[in-house]
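Step one of this worksheet: look at the structure below.
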Amino acid sequence: MASPDTGTRAVRAAVISWGIVIPLLSAGAAAATMLTGPAAIVMFLLVVITFLAARAVLTVFARLGPGVRRQILMALVAAAVALPPIAGTAIYLAVFGQHVDGVVSTVVDPTTRVLSDPATGRELGRVVGPDSELGPAVVGQTVPVLAAPGLDVDPVPVGRASFGREAGAFWLVGWLAGGALIGTAFVRRRREA
């Protein structure tokens, strides 16, 4: 069994990792999902580093003991590590994306369309979806989307914007809950020391 001083240092490492390291690395991993080419390697490295940072958080599990709180924190750590790379583009577009009424310039197949910005003529990217969501697969059809014209990111139909908002809110609530659990363990450990 670790000494009180060692246990306190372990919990402190978890607090620092959860409060500083994981948010920064998660944001970096989310941003890297919007990049292409060699940037995919950057995303992979950021995800690996984020997992390594999460190991410091795992040291606090021994102080939480068995039961529901420990299982909840394990799930929150997994979400904090995995969610940003999975939903990074959706979160970014939901927060920073511009509403554009894109115009179908090319119909790739019945469910895939290439959109252009009617104001600038620039290609916005591809959207995939059924006619019920995007309208008829016809050149000239208007499709409301969230887009980031300055980035090489495919637009997202406005109807899917809620996914990005919900993913970001889930991450934030999970991060706050995990921080509260770790903080509780830190306070309890200091009282035992």
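Treating only the Cβ of Lys, Arg, Asp and Glu as charged (+1, +1, -1, -1), what charge dipole size does segment 103-147 show about its Cα centre? Round to the nearest 20 debye.
Details: 3 positive and 5 negative charges, 21 e Å.
Charge dipole, segment 103-147, about its Cα centre: 100 debye, nearest 20.
Which FRET efficiency, nearest 0.05, do E133 and I86 yield, Cβ-Cβ r, R0 30 Å?
Details: r = 21 Å, r/R0 = 0.70.
The pair E133/I86 has a calculated efficiency of 0.90.
Just want the ordering: V11, V127, V158, V173, from fewest to most Cβ atoms lying within 10 Å of their own Cβ. Walk me through the numbers before you get to the answer.
Numbers: V11 25, V127 22, V158 16, V173 12.
Placing the least packed residue first, the sequence is V173, V158, V127, V11.
For segment 137-145, just list the computed ³J(HN,Hα) in residue order, Karplus coefficients 6.51, -1.76 and 1.60, θ = phi - 60°, integers in Hz, with x standing in for Gly and Pro.
Couplings: 7, 10, 4, x, 5, 8, 10, x, 9 Hz.
What are the residues whose amide H is under 5 Å from the amide H of L124, where those residues sit 5 or more places off or on another chain and H is modelled from the backbone?
Residues meeting the criterion, in which the H sits 1.01 Å from N, are L115, S116, D117.
Assuming R0 = 30 Å, what is the FRET efficiency of F170 and T111, from their Cβ-Cβ distance, to the nearest 0.05? Please list the in-between numbers first.
Numbers: r = 28 Å, r/R0 = 0.93.
Plugging the Cβ-Cβ distance into 1/(1 + (r/R0)^6) gives 0.60.
Roughly how many whole Å is it from the C-alpha centroid of segment 103-180 to that of segment 7-31?
If you average the Cα positions of each part, the centres end up 31 Å apart.
Tell me the label-point distance for the pair D101, R122, using the 7 Å Cα-to-Cβ offset, in nm and rounded to one decimal.
Using points 7 Å along Cα→Cβ, the separation is 2.0 nm.
FYI, it's all coordinate maths here, none of it is from the lab. The model shown is predicted, which means the values in this text are computed figures rather than measured ones. When we count neighbours, we look across all protein chains shown, and the Cβ atoms used for this are built from the backbone with ideal geometry, even at glycine.
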